[in-house]
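One structure below.
Values quoted throughout were computed directly from the atomic coordinates according to the rules given, and no laboratory measurement underlies them. Keep in mind that what you see is a predicted model, and the values were worked out from it rather than measured. Every residue, glycine as well, gets a Cβ built from its backbone with ideal geometry; the counts of neighbours run over all protein chains shown.
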């Protein structure tokens, strides 16, 4: 048996992110819940055909940041269900062949977590240093000039003890102090709690914020992004973040997480949220000798023009920049960024489906992208995102709207009159039921691609080799494993193109123009405008 056929499950998986609040409401309160996900698992596993789900936070929380402010790491918020429902969800997922990842939020807790309530109660409390407390500067100002990601200072003065506590996000989300051994041990025990309930791994939130400069030096100003003209980038970007993110010591934490997770049988994994766009820097998060995160999330395709050259630049960078043996991943949608279909349009959405499911690495899909859900316009009075309320142009509400299951009232998401966010205005036309009945729909394109990927060892595990030369603004590459070869080509232009493929010969297995599927190809691939095709 070759090394490729022994790859761990997470290297051949397709991960599907489910934003719990927005997938399926079963209680009629307008908020998605764990029972709703359980009820929709057959869609995920069988109808769509992915094999791993990632659940956003469902823990007890005052919901200042919709679950990313955790007040109890070892329970389920009653809004979403309870631990027995979670256990049934995991058991049913496993019975259907699905792995389950849960969001782990180690950077910060809620201010209502008992640990923080104890910590802020007195300077001499044993849990005082489980969080980061500092005296004011002589003039009473905050200890550093560090900023919160959500705007304003990263320090909040607590009148009870006269010290500032640090919060990288909302003031309701105080930073945990990972330099404290007891806090570190408690958080690793929390991971063990969920592993003992059968989860297959973690998506680890905001890992760059776990440790900061111990000397706590002020950040320099970012001359390129400071000032009102650059406000859409967010106030956080007015500084160069040399000292308040990603101190080198964080890799000790990743090694500890990795050692703990790797001790489990069957194997578990960690997927870290890392907003780094240089492939070599991203590669450091895999750790020396690959003993860090199993996969740091690759957001590279979010940041480039949707052209052959833009995509090729990211892919070639990942292929050459990651450490030997490191396994890549690709993503184009999540709960923090504008919807894929809005960013890339109809043609780009179809090309993205082909690329995400054929490039070398683990694809990470976001719920609703398989039907082309659009970024929703949320009226000011219905906005929920605290970041978006503070900086409306950065709101994340538009990518978190309820899943559009059907043309029924409430889009099949809820029987309630008022879901927590408005359903997309196009739900009557753009939904799962209508697209399942349309052979040319985006959903059926995803289904064909996922079915092909399941059948193809080359797509799951094979090598990547670009094909050159190709016409301007076209991209082509091969995936190979042993004798199996798969050719992928994308025409980013509005014109027909002919792509020379040398001695390769086969048939078009999947195309964004379904009428071309089954056509024999030899010597050259004649591509329609905007077409993306997979030839086997």
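Across the range 114-166, C-alpha contacts under 8 Å between residues 6 or more apart give a mean separation that, scaled by the residue count, equals a relative contact order of 32 percent.
Each residue, residue 382 and residue 118, gets one label point 7 Å from its Cα in the Cβ direction; the gap between the two is 4.3 nm. Packing here is the average count of other Cβ atoms within 10 Å per residue, and on that basis the peptides 461-467, 505-511, 157-163, highest first, run 505-511, 461-467, 157-163. Relative to the dominant Cα principal axis of the chain, helix 340-356 is inclined by about 70°. Relative contact order of the range 123-247, please, whole-number percent, based on alpha carbon pairs below 8 angstrom and at least 6 residues apart. The value is 23 percent.
Placing a pseudo-label 7 Å from each Cα along the Cα-to-Cβ vector at residue 248 and residue 433 gives an inter-label distance of 5.9 nm.
Residues 265, 337, ranked from the fewest to the most other C-beta atoms within 10 Å, line up as 265, 337.
Hey, what D do you get for the range 463-535 in µm²/s if you plug the Kirkwood alpha-carbon radius into Stokes-Einstein at 37 °C and 0.692 mPa s? After rounding, the answer is 272 µm²/s.
Peptides 433-441, 398-406: what's the order by average Cβ count within 10 Å, highest mean first?
With the highest mean Cβ count within 10 Å placed first, the list reads 398-406, 433-441.
Full extension from residue 290 to residue 303: what is 0.36 nm times the residue separation minus their Cα-Cα distance, to one decimal in nm?
Details: separation 13, 0.36 × 13 = 4.68 nm, distance 2.60 nm.
The span from residue 290 to residue 303 would gain 2.1 nm if fully extended.
In percent, what relative contact order does the chain have, based on Cα pairs under 8 Å that are 6 or more apart in sequence?
Values: 1123 pairs, mean separation 65.6, N = 536.
Result for the chain is 12 percent.
Of 171, 303, the sequence from fewest to most neighbouring Cβ atoms within 10 angstrom is 303, 171.
Rank these for me by crowding, 16, 427, going from fewest to most other beta carbons within 10 Å. It would help to have the intermediate numbers written out before the result.
On the way: 16 23, 427 26.
Sorted ascending by nearby Cβ count, the order is 16, 427.
Subtract the Cα-Cα distance of residue 125 and residue 522 from 0.36 nm times their separation in residues, and report this length gain in nm to one decimal. Kindly include the intermediate steps, with their values, before the conclusion.
Values: separation 397, 0.36 × 397 = 142.92 nm, distance 7.40 nm.
Separation in residues times 0.36 nm, less the Cα-Cα distance, equals 135.5 nm.
Using the Cβ-Cβ distance between residue 263 and residue 451 with R0 = 41 Å, the FRET efficiency computed as 1/(1 + (r/R0)^6) comes to roughly 0.70.
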